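In what follows, a structure is listed as C-alpha cells, so that the remarks can point back to it.
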Amino acid sequence: MESLKPKIAIIGAGNVGSTFAFSLMISGLAREIVLIDKNESLAKGECMDLNHGVSLSHPTKIYAAGFDGCADADIVVITAGANQKEGQSRTDLVLENVAIFRDIIPAITIYANNAILLVVSNPVDILTYVTLKLSGFPANRVLGSGTVLDTARLKFLVSEYCNVDSRNIHAYIIGEHGDTELPVWSNATIAGMNIESYCQVYEHLANAKVELNEIFTKVKNSAYQIIKAKGATNYSIALALVKITRSILRNENSILPVSTLITNYYGISDVCISIPSHINKNGVERYLQLNLSDKEQEMFKHSARTLKSIIDTIKIE
C-alpha cells in the first residue's frame, strides 16, 4: 500500500515517543504516523488510544509496525533508549544507549534510505554522532533535538523575569545538551535591544546580570527537577520536536539550535553539538558561526571537548 505523505516514523513508544505522536497528531503536520517499539503491545496500545481521537483531530493514519514501517518515511524520530534516572547525568547513559543504537540504526537505514534522522534519546549529542557514523547518511540529514528545549526553557524563564512575551526574546543556549551547555548572553536581545540594556530601562530589573545567571542555572537543572518530581520529561520536548518537524516538512527555514556535525567551529571539528542552524526540507541546510565573547568561546570549547572525550571512548565501526 502506498504511503501517505508526510510520513513520520517514531522509534520508541515510551513517554517521549507517545507524547510526540499525540502532539504530532493534533498539529496536523503528518498524514501517516508509525510507532515502532520492541514492546509491540505498548506500541499497539498507544496507537489504539491515538486512533480513537482521530475523528476529533486531523485525518491521520496511525499504526504500529516493525522497522519496515520506516519505509518511505520523510523523517524518522528516534526516542528509543534507556531513560535518564534521578541523579543520573545524560552522559551516564552513554554505553547503554550506544549499544541500543548499534542495533536500531542499521535496521532503520535498511528501509529509510532517504529520510531525515532526528535523534532525541540522551545523551543526544553523542547519539547524534553515533547515528551519523552508523547510518552513513550525509551530515545534513542527521540531527539531534539538541538545545531547542533548553532554549525554550531559557526564553520562558527570562519572560517571567522581564514580564515580556517569550516570543519577543531572542536568545540561545548552545553546546552540549547537558551540564556543560552555555547561554549566549552576548547575542541575546529583547525588542532589538541587548538583553542587559533592555533590563536597565526598568528599575525592578536593575539586578539583571545576577538574576540572568541564576535563570540559566535553573534551566540547566530543569530536567533533573522534573525527573525527580514525575519521573520523566515529555510535554515540552514533544513540542520542541513538533517545531523541528514543522520546519523540515514545511521548508520553513527556521533557525534552531539543533545538534549537528561541526567543522572548524572556533577550532573544533568532528563532534555533534548544538549551535543555531538553518533548518528546512534538506534537514540542516547550514550551521551559523556566532560571534561569541571570549568567555563564551572558552565555555563552548570546554563543552565540545567534554563531548569529544566521551566519543573517544566509543569504538564506532
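The values are calculated or read from the model by the stated rules, or taken from the named source; none is laboratory data. Quick caveat, the model's predicted, so the values are computed rather than measured. Note: ideal-geometry Cβ built from the backbone for every residue, glycine included; neighbour counts use all protein chains shown.
Of the residues that sit in the range 221-231 and are of a type in the set (Gly, Ala, Ser) and on the phi < 0 side of the Ramachandran plot, which one is surrounded by the most Cβ atoms within 10 Å (Cβ to Cβ)?
ALA223
Is there a residue being within 28 Å of ALA80 (Cβ to Cβ) and not β-branched (Val, Ile, Thr) anywhere in the range 259-268?
Within the range 259-268 (the criterion being within 28 Å of ALA80 (Cβ to Cβ) and not β-branched (Val, Ile, Thr)), the answer is yes, since at least one residue qualifies.
Report, by residue number, each residue of the range 192-223 that is hydroxyl-bearing (Ser, Thr, Tyr) and over 20 Å from PRO257 (Cβ atoms).
Within the range 192-223, SER197, TYR198, TYR202 meet the criteria.
Quick check on the range 249-271. Is at least one of its residues surrounded by 18 or more Cβ atoms within 10 Å (Cβ to Cβ), in a helix (DSSP H, G or I) and in contact (Cβ under 8 Å) with a residue 24 or more places away in the chain?
Yes, there is a match, as at least one residue in the range 249-271 is surrounded by 18 or more Cβ atoms within 10 Å (Cβ to Cβ), in a helix (DSSP H, G or I) and in contact (Cβ under 8 Å) with a residue 24 or more places away in the chain.
Picking from LEU134, LEU143, which residue would you name as being closer than 15 Å to THR79 by Cα, modelled with pLDDT of 95 or more and either outside any helix (DSSP H, G or I) or not basic (Lys, Arg) (or both)?
LEU143
Might you let me know whether the range 97-104 holds any residue that is in contact with a Cys (Cβ under 7 Å, 6 or more places away or on another chain) and modelled with pLDDT of 95 or more?
The answer is no; no qualifying residue exists.
Of these, LYS155, LYS209, LYS218, which one is surrounded by 17 or more Cβ atoms within 10 Å (Cβ to Cβ) and basic (Lys, Arg)?
Result of the check over LYS155, LYS209, LYS218: LYS155.
Of the conditions (1) crowded, with 21+ Cβ neighbours inside 10 Å; (2) in a helix (DSSP H, G or I), SER236 satisfies every one except a single condition; which number is it?
Status for SER236: all satisfied but (1).
How about the range 42-63: which of its residues are of a type in the set (Gly, Ala, Ser) and either in contact with a His (Cβ under 6 Å, 6 or more places away or on another chain) or closer than 13 Å to GLY14 by Cα (or both)?
ALA43, GLY45
ARG153: within 14 Å of the chain's Cα centre (by Cα), at pLDDT below 95 and among the basic types (Lys, Arg), yes or no?
So ARG153 does not fit the description; no.
Can you tell me which residues in the range 110-130 are within 16 Å of PHE67 (Cα to Cα), surrounded by 17 or more Cβ atoms within 10 Å (Cβ to Cβ) and free of Cβ contacts under 8 Å to residues at least 60 places away in the same chain?
Once the filter is applied, which keeps residues that are within 16 Å of PHE67 (Cα to Cα), surrounded by 17 or more Cβ atoms within 10 Å (Cβ to Cβ) and free of Cβ contacts under 8 Å to residues at least 60 places away in the same chain, the range 110-130 yields TYR111, LEU117.
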